[in-house]
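Written below as structure tokens is the structure these notes are about.
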Amino acid sequence: FQAEDGIRDAQESRGLGDVYKRQSQWHKTLTYKDKWFKDGMTYDADFTKEFGYAPPYQAAESSAALLVFKDAFERANSFDRDKVRDALAATDMETFYGDIKFAPEGNNIAKPMFYRQIQADATYKPIITHEDMTYPRKANY
């Protein structure tokens, strides 16, 4: 396995092994859903229509963060800082971006990272479990 960050060109991946991959926070084809944005494919289409380019994961995670705050304010039924903080700490929800649940330290412990394997045609394939991996990867450069 070769972890990669920054190489975008399939030609530059030569010699890095049969399982060339990138780590990622989000991709539109993941199966998470919510009632506001529906799923990643819908979010991607709506975002692209509105802004003229595909959403980076930072846009998706920011949108999901707004859903978390909305949910926490509604559960707290208040703008009181302590009540909102407690509601945020008790968050356990699914969004189109992924599951959200906070550890006592404040980090999200419910949403794993995943990998994207670069295919021979230079497209990405999401790798959620080892069964998703194409190995050996057939690439002819």
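The values are calculated or read from the model by the stated rules, or taken from the named source; none is laboratory data. Just so we're clear, the structure is a prediction, and the values are computed from it rather than from any experiment. Cβ sites come from the backbone with ideal geometry, for glycine too, and all protein chains shown count toward neighbours. SASA here: full protein model, heavy atoms, side chains in, ligands and nucleic acids out. Shrake-Rupley method; radii C 1.70, N 1.55, O 1.52, S 1.80 Å.
Amide H contacts of Asp39: Asp34, each under 5 Å away and 5 or more positions distant or on a separate chain (H built 1.01 Å from N in the peptide plane; Pro and chain starts excluded). Within region 42-141, the GluC sites (Glu not before Pro) that combine a DSSP coil assignment with at most 12 other C-beta atoms in a 10 angstrom radius are Glu105. Protein heavy-atom accessible surface, 1.4 Å probe, per residue over region 73-121: 64 Å².
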